[in-house]
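Structure, as structure tokens:
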Amino acid sequence: MDTIAKMIVTALADLGVKQIWGVVGDALNPLTDAIRTEDRLDWIGVRHEEVAAFAAGAQSQLSGELGVCMGTVGPGSIHLLNGLYDAKKSRTPVLAICGQVPSAEIGSGFFQEVNNDQLFADVAVFAKTVTSPGQLPYLLEQAVNAARALSGVAVLSIPGDIGSAQVPDDVRPHFVDVRRRQAPEPDAVSAAAQALNDADTVTMLVGMGARESREETLAAAQALQAPMVLTLKAKEGLEKDNDFQVGQSGLIGNPAALHALDSCDALLMVGTDFPYREWLPEGKTVIQLDVRGENIGARINVDHGVVGDAGLSLQMLLPLLRERSDGGHLAQARKKYATWTAEQSRLSEPGYGSTLTGRLRSTVDNPDGLIRPEAVAAAVNTHAASDAIFTSDTGMSTVWLSRFVSMEGDRRLLGSYNLGSMANAMPQALGASAWDRSRQVIAFCGDGGLTMLLGDLLTAVAYELPVKLVVFNNGRLGMVKLEQEQVGLPEFGTVLHNPDLAQVARACGLHGIRVDDVGELDAAILEALAHPGPVLVDVRTNPQEVSLPPRTSMRQALGFAAAKLKETLDSAG
């Protein structure tokens, strides 16, 4: 007879799980011992359980399969929450196995006891505690099937005494693949096609739900002669070789995307739950295609909703569309996009600071001659492999990635783009690197994000994960600084007193590179990417660099000016 812990671990290995992330501890001991004897599974012990959940979620997003993490009784499980919320918001299947106090003590207020079923009720599509050996394998089956079917988080809590209980050899879980592509209703597709054919100009807003339907999405843009605004998560798979795309909208967006949205008659949304209402146009005929019916009309009034898989919906839609010959709307948006990208490219050139414009600008916003963050992102983009995996911290690191890193070739992209957590880039990079050690994994880290979970630099070293951590070290919580200044508040509480992060990395066992001069930047990135092990590149970047959104109100402009005046007066004493 096997133990219940052994049965669980064997079943996960049979399912194809390769790694389990977590921190060892009392109630988990039967499970970690079972992992120790299972050759098909690797245990990756992190320094903080939040890292475990982020890493498991990253692996799930990259593979489309189940990611697994573990946390022990009470605090250990609580620490998983933030990374699990990211998995929930990213709609990716993750199983969290949590330790619990001995079964006889449940409900007694025992040391470290936490009601996991309540704790995880909001984040999980399934959250149950095993209280009797006879509940297995059924609860395990339900947990895994729910996570995969609903693309969400399942939490299974197991007391230590249950994990070490015996189970007959013939008791084994049976997992089923319950994922199915949903076809839309033909009448809904016909009505959507009619609305699109009646419109003079159409713009497409395309999200990650269309990433697996690239061919159909491009065919729709061709038929409609529609510029295509991509969400950040749609860059992967849809940005490359796309003569219709005009970049992103929202705070990280550009004037071309804003023009494409504002100047159309009809808006076709495909596979996106783009959340920022203020960046969606008004007074348009709106057609929304989404596999989740609850997304239809959640952000904007929708005239025609089509519930179904993006690829299947577009396959049904395409034969009904009238081919357009007038490409003026598309051409105008693409011209604006080309102009904007050329302007951005000049900002990223290492020699920009020596130009007349650059020198004049630097006297105001960069008197210390710090490196422009645009140049850092552009250098990484130039030298990274065509199949590199990128992660980015929430905030300005994501802004620079969105504008200067192209998802060419087979590049992949991860970030906390729905939850918006700090400190996600390094943990997700660890998960990605363990998932495929043969590929470059490059994390765009903010200094605030990296230092929040700094201890897990040691995980990269302990498990020889060859991540490349590029730190935009501006000594600031940069996005918060910008948010304060836009509403007229002087910068407050955002300054970070950082150590030399390259020296910290070297003390942890990574290869650390410090970059203080833009002339050293290119060589530093090349050195980092060529190094076989984990590397941290600490780049001193300009904290005053402002990334303006495509639409700036007079109130924001006045607020920014007022904030700068207050900051000047404060610094003058």
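The values are calculated or read from the model by the stated rules, or taken from the named source; none is laboratory data. The structure presented is a predicted model; accordingly, all values stated were derived computationally and were not measured. With ideal geometry, Cβ positions are generated from the backbone for all residues, glycine too; neighbour counts draw on all protein chains shown.
In region 509-529, the residues that are loosely packed, with under 14 Cβ neighbours inside 10 Å form Cβ pairs under 8 Å with partners that are part of a helix (DSSP H, G or I), at six or more places apart or across chains, as follows: Gly519/Pro350; Leu526/His383. I'd like to know if region 207-217 contains one or more residues that are touching a strand residue (DSSP E or B) at 6+ places or on another chain (Cβ under 7 Å) and among the β-branched types (Val, Ile, Thr). Within region 207-217 (the criterion being touching a strand residue (DSSP E or B) at 6+ places or on another chain (Cβ under 7 Å) and among the β-branched types (Val, Ile, Thr)), the answer is yes, since at least one residue qualifies. Out of Pro367, Pro427, one residue alone is at pLDDT below 95 and either more than 21 Å from Ser345 (Cα to Cα) or part of a helix (DSSP H, G or I) (or both). It is Pro367.
What do you reckon, is Ser90 of a type in the set (Gly, Ala, Ser) and either without any contact (Cβ under 8 Å) to a residue 12 or more places away in the chain or surrounded by fewer than 24 Cβ atoms within 10 Å (Cβ to Cβ) (or both)?
Here the answer is yes, as Ser90 does meet what is asked.
Mind checking which residues of region 151-187 are touching a Gly at 6+ places or on another chain (Cβ under 7 Å) and of a type in the set (A, V, I, L, M)?
Passing the criteria: Ile158, Ala183.
Picking from residues in region 292-307 that are under 29 Å from the mean Cα position of the chain (by Cα) and outside any loop (DSSP other than H, G, I, E, B), the one that is surrounded by the fewest Cβ atoms within 10 Å (Cβ to Cβ) is Glu294.
Of Leu196, Leu140, Leu156, which residue is over 21 Å from Leu81 (Cα atoms), of a type outside the set (Gly, Ala, Ser) and crowded, with 22+ Cβ neighbours inside 10 Å?
Leu196
Considering only residues in region 450-509 that are among the acidic types (Asp, Glu) and in a loop (DSSP other than H, G, I, E, B), the one that is nearest to Gly395 (Cα to Cα) turns out to be Glu491.
Summed over region 100-119, residues that are under 21 Å from Val24 (Cβ atoms), among the aliphatic types (A, V, I, L, M) and surrounded by fewer than 20 Cβ atoms within 10 Å (Cβ to Cβ) total 2. Which one is surrounded by the most Cβ atoms within 10 Å (Cβ to Cβ), of the residues in region 269-286 that are more than 26 Å from Ser151 (Cα to Cα), hydrophobic (A, V, I, L, M, F, W, C) and under 25 Å from the mean Cα position of the chain (by Cα)? Checked region 269-286; the qualifying residue surrounded by the most Cβ atoms within 10 Å (Cβ to Cβ) is Trp279. Screening the candidates Ala310, Ala333 for the property of being buried (at least 19 other Cβ atoms within 10 Å of the Cβ) and more than 27 Å from the chain's Cα centre (by Cα) yields one hit, Ala333. Tell me, yes or no, whether region 227-243 has at least one residue that is surrounded by 22 or more Cβ atoms within 10 Å (Cβ to Cβ) and farther than 30 Å from Arg180 by Cα. Looking for residues that are surrounded by 22 or more Cβ atoms within 10 Å (Cβ to Cβ) and farther than 30 Å from Arg180 by Cα, one finds at least one in region 227-243, hence yes.
In region 147-198, the residue that is modelled with the highest pLDDT out of those that are over 32 Å from the mean Cα position of the chain (by Cα) and of a type in the set (Val, Ile, Thr) is Ile162. Quick check on region 451-471: of everything there that is among the aliphatic types (A, V, I, L, M) and touching a Leu at 6+ places or on another chain (Cβ under 7 Å), which residue is surrounded by the fewest Cβ atoms within 10 Å (Cβ to Cβ)? Looking at the filtered set, the residue picked out is Val461.
Going by what's in this entry, would Leu419 be described as under 11 Å from the mean Cα position of the chain (by Cα), assigned to a loop (DSSP other than H, G, I, E, B), assigned by TED's automatic domain parsing to the domain that holds His531 and among the aliphatic types (A, V, I, L, M)?
yes
Just wondering, is there one or more residues in region 384-406 that are under 17 Å from Leu230 (Cα atoms), part of a loop (DSSP other than H, G, I, E, B) and either not assigned by TED's automatic domain parsing to the domain that holds Ala256 or not charged (D, E, K, R) (or both)?
Among the residues of region 384-406, at least one is under 17 Å from Leu230 (Cα atoms), part of a loop (DSSP other than H, G, I, E, B) and either not assigned by TED's automatic domain parsing to the domain that holds Ala256 or not charged (D, E, K, R) (or both), which makes the answer yes.
Within region 316-344, the set of residues being of a type in the set (A, V, I, L, M) and not in a helix (DSSP H, G or I) comprises just one member, Leu321. Pairs meeting the criteria (first residue in region 381-397 and modelled with pLDDT under 95 and of a type outside the set (Ser, Thr, Tyr), second residue surrounded by 24 or more Cβ atoms within 10 Å (Cβ to Cβ) and part of a helix (DSSP H, G or I), beta carbons under 7 Å, at least 6 apart or on different chains) are Gly395/Gly478; Met396/Pro373; Met396/Gly478.
Only one of these is at pLDDT 95 or above and closer than 13 Å to Ile158 by Cα: Gly74, Gly57, Gly22. Name it.
Going through Gly74, Gly57, Gly22 in turn, just one is at pLDDT 95 or above and closer than 13 Å to Ile158 by Cα: Gly74.
Summed over region 1-23, residues that are within 30 Å of the chain's Cα centre (by Cα) and either outside any loop (DSSP other than H, G, I, E, B) or without any contact (Cβ under 8 Å) to a residue 12 or more places away in the chain (or both) total 11. Residue check: Leu289 meets all listed conditions (1) crowded, with 22+ Cβ neighbours inside 10 Å; (2) in a loop (DSSP other than H, G, I, E, B) but one, namely (2). Is there a residue in region 524-531 that is assigned by TED's automatic domain parsing to the domain that holds Met407, closer than 25 Å to Glu49 by Cα and assigned to a loop (DSSP other than H, G, I, E, B)? Checked region 524-531: no residue is assigned by TED's automatic domain parsing to the domain that holds Met407, closer than 25 Å to Glu49 by Cα and assigned to a loop (DSSP other than H, G, I, E, B). Checked against (1) farther than 28 Å from Asp187 by Cα; (2) at pLDDT 95 or above; (3) of a type in the set (S, T, N, Q), Ser313 meets all criteria but (1). What's the number of the only condition in (1) in a strand (DSSP E or B); (2) without any contact (Cβ under 8 Å) to a residue 40 or more places away in the chain that Ala443 fails to meet? Result: Ala443 fails condition (2) only.
For (1) of a type in the set (A, V, I, L, M, F, W, C); (2) assigned to a strand (DSSP E or B); (3) assigned by TED's automatic domain parsing to the domain that holds Asn295; (4) within 19 Å of Leu465 (Cα to Cα), each residue gets a yes or a no:
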{"site": "Leu31", "(1), (2), (3), (4)": "yes, no, no, no"}
{"site": "Arg40", "(1), (2), (3), (4)": "no, no, no, yes"}
{"site": "Gln59", "(1), (2), (3), (4)": "no, no, no, yes"}
{"site": "Val73", "(1), (2), (3), (4)": "yes, no, no, no"}
{"site": "Gly76", "(1), (2), (3), (4)": "no, no, no, no"}
{"site": "Asp86", "(1), (2), (3), (4)": "no, no, no, no"}
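Kindly evaluate Ile97 against the criterion of being buried (at least 21 other Cβ atoms within 10 Å of the Cβ), out of contact with any helix residue (DSSP H, G or I) (no Cβ under 6 Å at 6 or more places or on another chain) and under 15 Å from Pro159 (Cα atoms). Judged against the criteria, Ile97 is a match.
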